[in-house]
Amino acid sequence: MPLFPNERNVRATPEGLLWEPSERWVRGRKGDVTVVDSRHPVLVWEPDLPVPCYTFPRDEVRTDLLRPAKSPSPGKHTGSRIFYDLDVDGVLVENAAWTFPAADLAGHISFEWFRRWGTGLDHWYEEEEEIFIHPRDPHKRVDAMPSRRHVQVEIAGTVVADTRRPVLLFETGLPTRYYIPREDVRLDLFEPTEHRTGCPYKGTARYWNWRGEGEVPHNIVWSYAEPLAAVAPVQGLVAFYNEAVEITVDGERLERPVTPFTASLKA
């Protein structure tokens, strides 16, 4: 069974990169200036990073806006040594772009995404849809499915949610998330925070902290007020990090999974 459904399109480099040509029309902007306008982008998966990035043919990049980096970041991006600062209307963005040290990707340039790393280009589009944080992985699925399962959530021995009408969100590579109607959640036990996150598959989430006792991570609860169309059933519902709470489904207590989020969940 191939790792990817279209395995013939996914290639590997000696440096450990996986890459695949994409047929999407991708544009990247800094402010009102289009820096990338590519109909031949390439998706690249770096070792130990769970999400891909794009790299673009040089002739589809405004290379006239790039300058050799004043303070390059050698070793970052799988040993890349060539970095560029971006100069747009006199505003310099350091290390906004780089080239991968792989012969397969020679003649291509990659860019940071501002909303992921805090630097680089700040608006990205696939076709006519703006994409946030990082490119979508064509080998992943996100499905939101209404259910009649009985789901209970406990924190520090207190039942904080109890529902028989959850929406289950199945996302490749992550544990099932249980989205629960607010009427079935003790939101009075939580307080809203200013924390926000963005996801290219789901949208922008807001968060709540646990107000009770116990060593409970911050921002343990989240909700999407305006999710993307693909996961519309989770709109306004509330979810908890399986990694840090006790979830029981149809009478069976689930084990806490270890995920890429585990290390970042701090009390």
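Summary of computed values
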quantity: Residue in the range 74-88 that is at pLDDT 95 or above, assigned to a loop (DSSP other than H, G, I, E, B), of a type in the set (Phe, Trp, Tyr) and open to solvent by less than 50 Å² (accessible area, probe 1.4 Å) present; calculated: no
quantity: Yes/no for Pro233 being touching a strand residue (DSSP E or B) at 6+ places or on another chain (Cβ under 7 Å), touching a residue at least 40 places away in the same chain (Cβ under 8 Å) and either surrounded by 15 or more Cβ atoms within 10 Å (Cβ to Cβ) or of a type in the set (S, T, N, Q) (or both); calculated: yes
quantity: Subset of the range 107-122 [modelled with pLDDT of 95 or more and surrounded by fewer than 18 Cβ atoms within 10 Å (Cβ to Cβ)]; calculated: Gly107
quantity: Conditions (1) in contact with a Phe, Trp or Tyr (Cβ under 7 Å, 6 or more places away or on another chain); (2) polar (S, T, N, Q); (3) open to solvent by less than 60 Å² (accessible area, probe 1.4 Å); number of the one not met by Thr248; calculated: (1)
quantity: Residues of the range 217-267 satisfying the condition of being of a type in the set (Lys, Arg) and either touching a helix residue (DSSP H, G or I) at 6+ places or on another chain (Cβ under 7 Å) or farther than 20 Å from His150 by Cβ (or both); calculated: Lys266
quantity: Whichever residue in the range 177-186 is touching a residue at least 12 places away in the same chain (Cβ under 8 Å) and surrounded by fewer than 16 Cβ atoms within 10 Å (Cβ to Cβ) and, among such residues, is farthest from the chain's Cα centre (by Cα); calculated: Arg186
quantity: The listed residue being over 21 Å from Asp122 (Cβ atoms), out of contact with any strand residue (DSSP E or B) (no Cβ under 6 Å at 6 or more places or on another chain) and assigned to a helix (DSSP H, G or I), out of Asp48, Asp64, Asp104; calculated: Asp104
quantity: Residue in the range 187-208 that is surrounded by the most Cβ atoms within 10 Å (Cβ to Cβ), counting only those that are in contact with a helix residue (DSSP H, G or I) (Cβ under 8 Å, 6 or more places away or on another chain) and outside any strand (DSSP E or B); calculated: Lys202
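The values are calculated or read from the model by the stated rules, or taken from the named source; none is laboratory data. Only a predicted model underlies this, so the values are computations on that prediction, with no experimental measurement involved. Neighbour counts are summed over all protein chains in view; Cβ atoms, including those assigned to glycine, are modelled from backbone coordinates with ideal geometry. Accessible surface areas use protein heavy atoms only, side chains included; no ligands, DNA or RNA. Shrake-Rupley method; radii C 1.70, N 1.55, O 1.52, S 1.80 Å.
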